[in-house]
1. I'd like the GluC sites (Glu not before Pro) in the range 141-222 restricted to DSSP loop residues with at most 15 other Cβ atoms within 10 Å, sorted by number.
2. Please report, as a whole percent, how much of the solvent-accessible surface of the chain comes from carbon and sulfur atoms (probe radius 1.4 Å).
3. What's the center-to-center distance, using Cα atoms, between the range 25-46 and the range 129-167 in Å?
4. Along each of the three principal axes of the Cα atoms of the range 1-132, give the extent in whole Å, ordering the values from largest to smallest.
5. Taking every Cα atom in the range 169-246, find the radius of gyration and the maximum pairwise distance Dmax, and write them in Å.
6. Per residue, how large is the accessible surface of the range 1-124? Use a 1.4 angstrom probe and give square angstrom.
7. Taking every Cα atom in the range 137-204, find the radius of gyration and the maximum pairwise distance Dmax, and write them in Å.
8. Full-extension gain between A100 and R282, please, as 0.36 nm times their residue separation minus the C-alpha to C-alpha distance.
Amino acid sequence: MTGEGLVALGILGVAAPAMPGIVVKTKSLLTGRRGPPVLQLYADLGKLVRKGAVYSRTTTRLFRAGPVVVLASLVMASLFLPLDGRAAPFRFAGDLVAFAGLLALGRFALVLAGLDTGSSFEGMGASREVTIATFAEPTLFLCFLALVVATGDLSLSGMLGTPLAAAWPRAGASLSLVGISLFVLLLAENSRVPVDDPATHLELTMIHEVIVLDHSGPDLAVILYGSALKLALFGVLAVSVFVPRAGFSGPVALGLLFLGLGVVAVAVGVVEAVMARLRLARVPQLLVGAAGLALFATILQLQ
């Protein structure tokens, strides 16, 4: 692992909690409210870490292990992303499968932790989470397929690195479709409007929030931080597709990345301000549409 890779990962880890803050602030300003500070999540995490955790007597070690596995899987997944626009700290042919598998492992651990409480309410949220994942994961692989066809590389370092920059002049339209599909996928994977509403308190509409309802103290802090990091990772995917950074020096490439992450956060806030949450039956249609964009991007390149 290079020094630049460590610095990039460290900055991403520190900056990740600011992304949800930018989203909420953007949404608040567009809807005529002041809203919480951009750095509110840092204060919330600090409070939760200092509190004690409460565990139900019906839970087992699965419940306690869930938050740890979620965060560990996301940190491992971040090692496969070329944050400097050229090469990731860990890379090998086919590492895109490992990246997707680590994201799926985190979701699986969180769903198991929710089911471990024995609550039918959390079981409902877990069922909805898995249903959305059934459509989201094929969409992610179709996006990767389009990038593989465009770049001719089976690693994320190639798909989002130098080969991607070389592919833009001849496959710009296809890559734009992939970027849009990844942005829709970002909304779904991170439980944002119009797929889910992280601010809702209505029992029948909660998805992700209901799964973590019984977590408290440091465990909840780990889950909240993991959610922010996951938002940042999908933001990195979208930014890397739209803005290839292989031709820039390390500091400039990192600057462009974090500027792009800010733009992504603002875009998510705009979507949440102008759209309402979709009915649950409409969510698969949204994700199928995103998958169709990625598939069409692949077909365009095969012509």
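1. E203
2. 70
3. A separation of 32 Å, based on Cα centres.
4. Its Cα atoms span 47, 44, 32 Å along the three principal axes.
5. Gyration radius and largest Cα-Cα distance of the range 169-246: 15.8, 51 Å.
6. 51
7. My reading of the Cα-based Rg and Dmax gives 15.2, 49 Å.
8. In short, 63.1 nm is gained.
The values are calculated or read from the model by the stated rules, or taken from the named source; none is laboratory data. Here the structure is a predicted model, which is why all the values come from computation and not from measurement. With ideal geometry, Cβ positions are generated from the backbone for all residues, glycine too; neighbour counts draw on all protein chains shown. Heads up: the accessible areas ignore ligands, DNA and RNA and are worked out on the full protein's heavy atoms, side chains in. Shrake-Rupley method; radii C 1.70, N 1.55, O 1.52, S 1.80 Å.
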